[in-house]
Structures are given as C-alpha cells and as structure tokens.
1. Return the residues of region 77-123 that are open to solvent by less than 30 Å² (accessible area, probe 1.4 Å), in a loop (DSSP other than H, G, I, E, B) and closer than 20 Å to residue 56 by Cα; say none if nothing qualifies.
2. Of these, 63, 39, 81, which one is in contact with a Ser or Thr (Cβ under 9 Å, 6 or more places away or on another chain) and of a type in the set (Val, Ile, Thr)?
3. Which ones in region 17-36 are closer than 13 Å to residue 61 by Cα and in contact with a helix residue (DSSP H, G or I) (Cβ under 7 Å, 6 or more places away or on another chain)?
4. Take the residues of region 124-136 that are hydrophobic (A, V, I, L, M, F, W, C) and open to solvent by 50 Å² or more (accessible area, probe 1.4 Å): which is farthest from residue 66 (Cα to Cα)?
5. Based on this model, can you work out whether residue 104 counts as of a type outside the set (Ser, Thr, Tyr) and touching a Lys or Arg at 6+ places or on another chain (Cβ under 8 Å)?
6. Looking only at residues that are free of Cβ contacts under 8 Å to residues at least 60 places away in the same chain and of a type in the set (Asp, Glu) in region 28-45, which one is least open to solvent (accessible area, probe 1.4 Å)?
7. Take the conditions free of Cβ contacts under 8 Å to residues at least 40 places away in the same chain, touching a strand residue (DSSP E or B) at 6+ places or on another chain (Cβ under 6 Å) and buried (at least 19 other Cβ atoms within 10 Å of the Cβ) and apply them to residue 21. Does it pass?
Amino acid sequence: MIIDHLGIAVRSLDASLRFYRDALGLEVEGPEEVPAEGVRIAFLAVGQSRVELLEPLGPGTTVARFLDKRGEGIHHLCLRVADIEAALAALRGKGAEIIEPAPRIGAGGRRIAFIHPRSTGGVLLELVEAQLPPGA
C-alpha cells in the first residue's frame, strides 16, 4: 500500500492552480469532472504521490458541504491498494465502517471506496485500486 494522493477541497480550482502549478511548479493532470462525486478535479504530481484539488460542481455536493463547514483544506487521504475488494473485506472484518456497500468508479476510471472517519481517528480515508477495471 502506498499513498496515492492527498485530497484538498478548494473553492476555485483555477485560483488554486495559480499556487500549486504556477508558484510551486507542479505538473497538472486534468482538470477532469467527476459528476458522480460532484467535483471538478486536477491532480498534481509530487514525487511518487499526487495532490488532488477538488472543486465542487455545485451546492449540496459532499465537497461543497465540507467547504461550508470547514473551509478550504485537507479533505481526505487516499491509499492505493492492489485489490480493493480484498482490502474492504479485511477492513470490514476488523470493524471498519465503509461508507458505501461496494466500490464505485472515481477519477481516471479507477475503482474507489471510502472509509468513515469514525473508523480512522477522524480522517476520511479513500482506497483506490491500482489497476483500471477490465474493459475500462
């Protein structure tokens, strides 16, 4: 398992890119809209990992509610796993609270799942499968 990315909720992707891309010189992947998640995102490579900037597509989305409650900042930590089904089964077996019953497709077409912060000491944890699903 490795850190795939660190998700940062932002009000404006374009404004945030002026810092991460223009000031820090990080290379941008995207932007990409992920309608199922209600976000517009961009990834920025940082060594072996990435930073994911998340801008809500509208009010009422998960990221919009996060911004309203907490403001801009770290939203989640994402770990890359080889087999998301096996990782979820192992976590369930150890009492972790999985937010949704099954993995879904996230950014880049990869399968993702979220672990509730109640199980992780207050951190929203995302798991992402290392490989694209067959036929993707």
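1. 106, the sole residue that qualifies.
2. Answer to the selection: 39.
3. 34
4. The qualifying residue farthest from residue 66 (Cα to Cα) is 136.
5. yes
6. So the residue we want is 29.
7. It is false that residue 21 is free of Cβ contacts under 8 Å to residues at least 40 places away in the same chain, touching a strand residue (DSSP E or B) at 6+ places or on another chain (Cβ under 6 Å) and buried (at least 19 other Cβ atoms within 10 Å of the Cβ).
Okay, residues lined up against (1) among the hydrophobic types (A, V, I, L, M, F, W, C); (2) within 19 Å of residue 1 (Cβ to Cβ); (3) in contact with a Leu (Cβ under 7 Å, 6 or more places away or on another chain):
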| site | (1), (2), (3) |
| --- | --- |
| 20 | no, no, yes |
| 23 | yes, no, no |
| 46 | yes, yes, yes |
| 55 | no, no, yes |
| 58 | no, no, no |
| 90 | yes, yes, no |
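The values are calculated or read from the model by the stated rules, or taken from the named source; none is laboratory data. Quick caveat, the model's predicted, so the values are computed rather than measured. Every residue, glycine among them, receives a Cβ derived from its backbone with ideal geometry; neighbour counts consider all protein chains shown. All accessible areas refer to the heavy atoms of the entire protein, side chains included, with ligands and DNA or RNA removed. Shrake-Rupley method; radii C 1.70, N 1.55, O 1.52, S 1.80 Å.
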